[in-house]
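Below is one structure, written out as structure tokens, with a few remarks after it.
Laboratory data are not the source of any read-out in this text; all were calculated from the coordinates shown. Since the structure is predicted, the reported quantities are computational estimates derived from the model, not experimental observations. Because the Cβ atoms are built from the backbone with ideal geometry, glycine has one as well, and the counts that use them run over all protein chains shown.
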């Protein structure tokens, strides 16, 4: 169930632009920040967060990471892998509907999902099922 919630949150943030039906209290970034707090404070405190710089710093000190930090990085990457797989699944199932109803819509900020929702009476059952499969309303 946790992975479905994570998928829902990431899908909402990426596709919808923040309007989510389900919220995940700890996402991958939170898990790494908590699990690697000591390492971040020790080795990466002068690194400006964003664009993967903290992860790059942790990578540079990978021989000094605690087991807790290593597990946090593993857990976060496993969550992201599940999210990417779920998004790929939904994108594949929605491809025909996107081409048919939303080909003139620029991707980003939830515009494609908004287009599909506007056309929900016409979209395929495959798209509807895929959305249910990953836990989105």
### Query
What order do you get for 31-38, 93-100 when each peptide is scored by the mean count of other beta carbon atoms within 10 Å, highest first?
31-38, 93-100
### Summary
Length gained, residue 133-residue 103, 0.36 nm per residue minus C-alpha separation, equals 8.4 nm
### Task
Sort 101-107, 52-58, 70-76 for me by packing, meaning the mean count of neighbouring Cβ atoms within 10 Å per residue, highest on top.
70-76, 52-58, 101-107
### Query
So for the pair residue 60, residue 124, with labels modelled 7 Å out along Cα→Cβ, what separation do we get in nm?
4.8
